[in-house]
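Just below is one structure, and these are the notes that go with it.
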Amino acid sequence: MMPVHELAQLTWEEVRDLDRGRTLVVLPVGAIEAHGPHLPLDSDVVIATAMARAGAARLAARGHGVLILPALAYTAAQFGSDFHGTLSISGITVTALIVDLARSLTDQDFRLLVIANAHLDPEHLTALHEAVKLGRADTLVPIIFPDLTRKPWGSRLGEEFRSGACHAGQFESSIVLSEQPERVREHVRRSLTPNPRSLSDAIKDGKRTFREAGGARAYFGDPAAASAEEGRRTIDVLGGILEEAVLAEIGTAP
């Protein structure tokens with residue numbers, strides 16, 4: 001079992017002394033965005049961090065050294081722009097930031113950068129895919145991005161996720177209940193009625209905000225059906241997705 005380090009907790013000399021050429025770097029990526037009346041604005045960050053840690057533990061068990069970066073919390077989040085507290089930056093800025101991080105990791109001789117992403121805004125996803133392309137063109141460390149909205153990953157994440165009605169619903173609420181239950185407004189969550197409208201269908205129809213898509217309170221799916229037990233199972237699946245994406249790039253050997 002190799003160690004999992006968190007960059008923010010290390011000194012510069014401890015980073016210097018890592019076997020950087022064999023170290024896998026994980027970047028959790030989320031957003032500051034409305035997640036219904038019951039979840040905190042940083043819910044995507046909570047989910048991405050849980051995914052990063054679960055995937056890192058799996059990779060460490062296979063003999064890989066892993067370094068988890070501080071989460072990226074600011075990104076393109078225009079779908080939540082009708083709701084107070086949502087903060088959005090341009091997709092171009094997001095792409096540039098990811099590529100610059102990859103360049104810095106390349107300069108320090110790390111092995112690769114894998115993105116544990118929990119934010120599904122279309123502009124944001126486009127920005128991450130563009131970063132992967134630009135990093136490859138500049139011969140930087142490989143940037144690995146398992147996009148949960150694409151096959152085969154999304155099919156593993158349950159019926160609500162596959163339906164597209166999965167923003168602040170059962171899927172996301174369960175993970176936050178598992179990770180940080182004290183931050184869920186339980187009396188509100190339990191009172192919410194299901195909203196079965198599909199965000200993925202709304203995006204195909206040209207809708208550009210949660211409100212236009214039918215989410216008057218910035219949630220889709222069934223928050224009241226969430227449970228911490230389901231959240232723990234989902235985190236394990238997310239960790240497996242991260243592990244599998246990395247192993248597809250580098251193979252199983254440390």
* Asked: What is the dipole size for region 131-254, taken about its Cα centre, with +1 at each Lys and Arg Cβ and -1 at each Asp and Glu Cβ, in debye to the nearest 20?
  -> 500
* Note down the relative contact order for the chain as a percent, whole number, built from C-alpha pairs under 8 angstrom at least six residues apart. => 24
* Structure fact -> residue 209 and residue 185 label points (each 7 Å along its Cα→Cβ direction) are spaced in nm at 1.9
* Which of 67, 28, 242 sits closest to the plus end of the dipole of the chain, meaning its Cα is farthest towards the positive end, when Lys and Arg get +1 and Asp and Glu get -1 on the C-beta? -> 242
* To do: Evaluate the distance, in nm, between pseudo-label points positioned 7 Å from the Cα of residue 104 and of residue 201 along their respective Cα→Cβ axes.
  => 4.3
* Asked: Gaussian network model of the chain, Cα springs within a sub-10 Å range: biggest mean-square fluctuation belongs to which of 152, 142, 181?
  -> 152
* Determine, from the Cβ-Cβ distance of residue 92 and residue 157 and an R0 of 35 Å, the FRET efficiency 1/(1 + (r/R0)^6), rounded to the nearest 0.05. => 0.75
* Structure fact -> Ordering 165-171, 135-141, 197-203 by per-residue average of other C-beta atoms within 10 angstrom, highest first, gives 165-171, 197-203, 135-141
* To do: Calculate the length of the line joining the C-alpha centroid of region 168-226 to that of region 15-79, in whole Å.
  => 22
* In debye, nearest 20, what is the charge dipole magnitude of the chain about its Cα centre with +1 on Lys and Arg Cβ and -1 on Asp and Glu Cβ, if you could check? => 440
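Using the C-alpha gyration tensor of region 132-254, what are the square roots of 5 times its eigenvalues, in whole angstrom, with the largest one first?
Values: eigenvalues 180, 79, 29 Å².
Those come to 30, 20, 12 Å.
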* Express in nm, to one decimal, how much length is gained between residue 81 and residue 14 on full extension, taking 0.36 nm for each residue of separation and deducting their alpha carbon distance. => 20.0 nm
* **Degrees between helix 91-107 axis and first principal axis of the chain (Cα, 0 to 90, nearest 10)** => 20
* Asked: For the chain, what is the percent of antiparallel DSSP beta bridges, rounded to the nearest 5?
  -> 15
* Asked: Going by how many other Cβ atoms sit within 10 Å of their own, how do 113, 69 line up, fewest first?
  -> 69, 113
* Asked: Could you give the length gained on full extension between residue 6 and residue 147, defined as 0.36 nm per residue of separation minus the Cα-Cα distance, in nm?
  -> 48.4 nm
* To do: In a Gaussian network model over the chain where Cα atoms closer than 10 Å are linked, find which of 116, 61, 52 has the largest mean-square fluctuation.
  => 61
* 5 angstrom amide H check on residue 77, placed H, neighbours 5+ away -> 89
* **Nitroxide proxy distance, nm - points 7 Å out along Cα→Cβ at residue 229 and residue 126** => 4.2
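A short reminder: the numbers here are calculations on the coordinates, not readings from a lab. Everything quoted here is computed from the prediction, not taken from an experiment. As a convention, Cβ positions derive from the backbone with ideal geometry for all residues, glycine included, and neighbour counts pool all protein chains shown.
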